[in-house]
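Undergrad: Take a look at this one; I'll ask things after.
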Amino acid sequence: MRVHQHPILQFDRGKKVQFSYNGRPIEAYEGETVAAALHAAGVHILSHSVKFHRPRGFFCGIGKCSSCLMRVNGVPNVRTCMVPVSQDMEVEPPDPPRLPQAPFEEHRREELDADVLVVGAGPAGICAAIEAARHGARVVLVDENPRMGGQLVKQTHKFFGSREERAGTRGITIAAELEEEALQLAREGQMTILLDTSVFGYYGGHGSHRLTAVNKMAQVMYILQAPTVVFSCGAQENMLAFPGNDLPGVYGAGGVQTLMNVYGIMPGRRVLMVGAGNVGLIVSYQLLQAGVAVDRVVEAMPRIGGYHVHAAKLRRHGVPIYTSHSVKEVYGGDRVEGAIVVRLDENWQPVKGSEEDVPCDTVCLAVGLTPSAQLLFQAGVHRAYIPEAGGHVAIHDQVMETSISGTFVAGDTSGIEEASTAMVEGKIAGLGAAIHLGLAEDSRDALISYQSTLQAMREGPFGAKARAAKEKILQEASHAGV
Amino acid sequence: MREYEKTGVLSVDHLRLPSEEHLARGVAVIECVQDIPCNPCVDACPVQAISMENINAPPQMDYEACIGCGQCVAVCPGLAIFLVKVDDGRGWVTLPYEMLPVPGQGDQVTLVNREGEEVGRGTVTKVVKRRDTCVVTVEVPPALAMQVRAIRVKP
């Protein structure tokens, strides 16, 4: 089910290609990922659980959940949601759960060194890379996706904030503008951009940090070395515990956005949205724009968590929002056939007899995000569990520097927030790295200006959570001497 | 907790409404009542009719100063600004429209209120694309001018 007409987006599909899945020919368009193309071709079961052999479908769409691992052109455990299709590509179901036979030793190795290494080219990472490069640093920007922009590439709505943060501009436009700035710096020789490349290990170093990365499909391994590193690795979608939560047709809200806004593929025909924060409200509206029906939005909290203006858009387009309601179970054979929603009392307990059967083929979870900070933890940074930040985070100071000197963090990896604040945090981290390198001695004013912008963006009631998170992180930082 | 935080629907009691004279001229009604960090409407207004104490405060419209140009309607990321005009027994609402199909001038469309209920039929009098957003003006019964906040267009 491809979207052919869209009020905001134009899907200029690439040329048709054919690949094989389990020996069966599948038609797709150049530029689509394997998992997206399979979805469009009606393949909804991508893998099975190890123990009970339960079907698993497309969930996150950004390489974080592992339900779409397959063998591609002989390479095992490929995250097919991140690998673009190509003519005659051979895609096979995932390997059995044991270490696959695929020795790596004979493959190409490259060593790259830089002044600043940026891991992740989302809004925070690109802004960090641009900021550092503008100060004369040689930057290597690495991202595991086939394109830059992180989650901005699927944000079709106009951004809030002020003019400096490109308010009133759609996320997709901001992504294109940031990408162009980075590409310009790359053309000037100031920046090297590695896409399709995952950074997977931190190996310390004296005065310089060593990290390893791999481009799986090109079979190249990189050893990256830099005195400063910015970790802007984004976040991953939270799961919710209920029977049937692993059925194909239960998606993360971001996964649905990727399918419909990046690849123009409808997740299904009728959606139950779980969560009325900004993500749930915005994605519901975007589903309507893509021509998908939204049955309702359920929210466990007694009030709508997102902005009223987003809720108002949905209500006037006929989508009801049920606060103090949640999903009790999702049912279906090999994929979602419906869901039972239930009202919650003031103690968050299901009210007996309030169950309602919601006809839907898609359940979309918009129940928050968890920072992707695994690399930082492997590096051994001082960390803490900060609920307001979305989970375990690297403790950092006002310049976004962690407990390991020369390593910085920015965006959702430093605590879940908005793309607009991620961009400012990225600038701070990039500037922090430049200062660390001695390239930006007289940038005190710029730093203070970025910091006060961030503070202003967090001042209102909707910034309370981020404010609390950052306060706790700074407290923890001063305790730990970060 | 305010009712709209539960329902997602504002009542007109939450809004500071324009007077009859303002409505006769046609002014922008801003349905943005929460403290959210956003201010493109302030920047977009060519006559500085919209003010904000700080970036988190809700925008305040000076109906005396508003010239009804609709720049703010197109720029608002929350799609929360509507141009309303009631004059000589006729009414018009200008709203941002980000759905398909896009109606044409003269088309009959279904008028919808804040709760998504159909409240009547109206004729589209103007369709423009401004700042990357389609802005549609529809003639409505004058009594519905403060109610109609969306349209439904038959494919």
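Undergrad: Relative contact order for chain A using alpha-carbon pairs under 8 Å, separation at least 6, rounded to a whole percent?
TA: Worked out over chain A, it gives 15 percent.
Undergrad: Could you list the GluC sites (Glu not before Pro) in segment A:376-462 that lie in coil according to DSSP, counting only those with at most 14 other Cβ atoms within 10 Å of their Cβ?
TA: Filter output for segment A:376-462: A:E441.
Undergrad: Continuing with this model, one more query. Once you have a ≥ b ≥ c as the square roots of the Cα gyration tensor eigenvalues for segment A:210-368, tell me rounded if a/c is under 1.5, and otherwise prolate or oblate according to whether a/b is larger than b/c.
TA: Taking the square roots of the gyration eigenvalues as a ≥ b ≥ c, segment A:210-368 is prolate.
Undergrad: Hey, fewest Cβ within 10 Å first, where do A:K472, B:K126 land in order?
TA: Result, fewest neighbours first: B:K126, A:K472.
Undergrad: How far apart, in nm, are the 7 Å Cα→Cβ label points at A:E30 and B:T110?
TA: It works out to 4.3 nm between the two label points.
Undergrad: While we're on this one: Can you report the principal axis dimensions of segment A:406-482 using only the alpha carbons, biggest first, rounded to whole angstrom?
TA: Here the spans come out as 37, 27, 19 Å, largest first.
Undergrad: Counting each DSSP H run of 4 or more residues in the protein assembly as shown as -39500 (n - 2.57), what helix-only mean residue ellipticity at 222 nm follows after dividing by all residues, to the nearest 500 deg cm²/dmol?
TA: Per the formula, -6500 deg cm²/dmol.
Undergrad: Then there is this: Cα to Cα, under 16 Å, and not fewer than 8 places away if on the same chain: which lysines meet these conditions relative to A:K328?
TA: Partners within reach: A:K352.
Undergrad: Stretched out fully, how many nm does the piece from A:Q219 to A:D357 gain, at 0.36 nm a residue minus the Cα gap? Each step should come with its number before you reach the end.
TA: Details: separation 138, 0.36 × 138 = 49.68 nm, distance 4.85 nm.
Going from the current span to full extension adds 44.8 nm.
Undergrad: How big is the convex hull of the Cα atoms of segment A:1-133, per residue, in Å³?
TA: On the way: hull volume 23.3 nm³, N = 133.
For segment A:1-133, the hull spanned by Cα atoms encloses 175 Å³ per residue.
Undergrad: Please give the average number of partner chain Cβ atoms lying within 10 Å of the Cβ of each residue in B:56-66, rounded to a whole number.
TA: 1
Undergrad: What GluC sites (Glu not before Pro) in segment A:137-234 are in a loop by DSSP, with at most 10 other Cβ atoms within 10 Å of the Cβ?
TA: Within segment A:137-234, the qualifying GluC sites (Glu not before Pro) (loop, at most 10 other Cβ atoms within 10 Å) are A:E188.
Undergrad: Then there's this: Provide the gained length on full extension for the span A:Q5 to A:R467, in nm with one decimal, where the gain is 0.36 nm per separating residue minus the Cα-Cα distance.
TA: Separation in residues times 0.36 nm, less the Cα-Cα distance, equals 162.3 nm.
Undergrad: When the Karplus curve 6.51 cos²θ - 1.76 cosθ + 1.60 is applied with θ = phi - 60°, which whole-Hz ³J(HN,Hα) does each residue of segment A:281-289 get, with x for Gly and Pro?
TA: Whole-Hz 3J(HN,Hα) from phi for segment A:281-289: 5, 5, 5, 4, 5, 5, 4, 4, 5.
Undergrad: Using amide H atoms built in the peptide plane, which far-off residues or other-chain residues are under 5 Å from A:Q236 H to H?
TA: Answer set, sorted by chain and number: A:T370, A:S372.
Undergrad: Jot down the radius of gyration and Dmax of the protein assembly as shown, Cα atoms only, both in angstrom.
TA: 25.1, 83
Undergrad: So how far apart, in nm, are the two label points at A:D334 and B:L17 if each is 7 Å from Cα heading toward Cβ?
TA: About 5.8 nm, to one decimal.
Undergrad: Within 10 Å of each candidate Cβ there may be at most 11 other Cβ atoms; applying that plus a DSSP loop requirement, which trypsin sites (Lys or Arg not before Pro) in segment B:1-100 survive?
TA: Taking segment B:1-100 and a limit of 11 other Cβ atoms within 10 Å, the loop trypsin sites (Lys or Arg not before Pro) found are B:R16.
Undergrad: With +1 on each Lys and Arg Cβ and -1 on each Asp and Glu Cβ, and nothing else charged, work out how big the dipole of segment B:3-152 is about its Cα centre, in Debye to the nearest 20.
TA: Dipole size: approximately 500 debye.
Undergrad: Other chains near B:110-117: what is the mean number of their Cβ atoms within 10 Å of each residue's Cβ?
TA: The mean count of partner-chain Cβ atoms within 10 Å per residue comes to 3.
Undergrad: May I ask you to sort A:D412, B:D87 by Cβ crowding, counting other Cβ atoms within 10 Å and putting the fewest first?
TA: By the 10 Å Cβ count, ascending: B:D87, A:D412.
Undergrad: If you wrap a convex hull around the alpha carbons of segment B:2-47, what volume per residue comes out, as a whole number of Å³?
TA: Considering the Cα atoms of segment B:2-47, their hull volume per residue is 99 Å³.
Undergrad: If you don't mind, there's one more thing I want to ask. Pop the C-beta distance of A:D246 and B:S51 into the FRET formula with R0 = 56 Å and round what comes out to the nearest 0.05.
TA: So, using R0 = 56 Å, E works out to roughly 0.65.
Undergrad: Ok, one more. Given an 8 Å cut-off on Cα distances and at least 6 residues of separation, report the relative contact order of segment B:3-152 as a percent. Walk me through the intermediate numbers first.
TA: Details: 318 pairs, mean separation 31.0, N = 150.
Relative contact order comes out at 21 percent.
Undergrad: Still on this structure: Projected area of segment B:3-152, taken from the Cα convex hull and averaged over every viewing direction, in nm²? All intermediate terms of the calculation are to be shown ahead of the outcome.
TA: Values: hull surface 34.3 nm².
The directionally averaged projection comes out at 8.6 nm².
Undergrad: Considering only B:C32, B:P58, B:I81, whose Cα is most displaced toward the positive end of the charge dipole of segment B:3-152, charges sitting on Cβ of Lys, Arg (+1) and Asp, Glu (-1)?
TA: It is B:I81.
Undergrad: Fewest Cβ neighbours within 10 Å first, please rank A:F58, A:F160, B:F82, A:F242 accordingly. Mind dumping the intermediate values first?
TA: Working: A:F58 29, A:F160 26, B:F82 23, A:F242 18.
By the 10 Å Cβ count, ascending: A:F242, B:F82, A:F160, A:F58.
Undergrad: With a cut-off of 8 Å between alpha carbons and a minimum separation of six or more residues, what is the relative contact order of segment A:36-128 in percent? Spell out each step's value before the answer.
TA: Values: 97 pairs, mean separation 16.6, N = 93.
In percent, rounded to a whole number, it is 18.
Undergrad: Over all pairs of distinct alpha carbons, what does the Kirkwood formula give as the hydrodynamic radius of segment A:137-289, in Å?
TA: Averaging 1/r across every pair of different Cα atoms and inverting gives 18.1 Å.
Undergrad: Taking θ = phi - 60°, what integer Hz values does the Karplus form 6.51 cos²θ - 1.76 cosθ + 1.60 yield along segment B:22-35, in sequence order, with x for Gly and Pro?
TA: Here the 3J(HN,Hα) series is 4, 5, 5, 7, x, 9, 8, 9, 9, 9, 10, 10, 9, 7 Hz.
Undergrad: What list of ³J(HN,Hα) couplings, whole Hz, do you get for segment A:164-171 from phi and the Karplus terms 6.51, -1.76, 1.60, once you set θ to phi - 60° and write x for glycine and proline?
TA: 4, 9, 6, 4, x, 9, 5, x
Undergrad: How much net charge surrounds A:L365 when only other residues with a Cβ under 13 Å from its Cβ are counted (Lys, Arg +1; Asp, Glu -1)?
TA: Counting the neighbours of A:L365, the net charge comes to -3.
Undergrad: Inside 10 Å of the C-beta atoms of B:131-137, what's the mean count of C-beta atoms belonging to other chains?
TA: Taking the mean over all residues of the peptide, I get 2.
Undergrad: Along the Cα→Cβ direction, 7 angstrom out, place labels at A:S49 and B:E3. What is the inter-label distance in nm?
TA: For A:S49 paired with B:E3, the spin-label model returns 4.5 nm.
Undergrad: Now, a different point. Taking the alpha-carbon distance from A:K154 and a cut-off under 23 Å, which lysines remain once sequence neighbours fewer than 8 residues away in the same chain are dropped?
TA: Cross-link targets: A:K15, A:K16, A:K64, A:K313, A:K427, B:K129.
Undergrad: Hey, another quick one. What is the Cα radius of gyration of segment A:1-72 over 2.2 N^0.38 Å, N being its residue count?
TA: 1.23
Undergrad: If you don't mind, there's one more thing I want to ask. Once amide H atoms are placed 1.01 Å from N in the peptide plane, what residues at a sequence separation of 5 or more from A:Q155, or on another chain, have their amide H within under 5 Å of its amide H?
TA: HN-HN under 5 Å from A:Q155: A:I172.
Undergrad: Quick check on the protein assembly as shown: of the DSSP beta bridges with both residues there, what percent are antiparallel, nearest 5%?
TA: Numbers: 79 of 118 bridges.
Within the protein assembly as shown, antiparallel bridges account for around 65 percent of the total.
Every read-out reported here was derived from the displayed coordinates using simple, explicitly stated rules and does not represent laboratory data. Note that this is a predicted model, so its numbers are computed, not measured. A quick note on method: Cβ atoms are made from the backbone with ideal geometry, for glycine too, and the neighbour counts reach across all protein chains shown.
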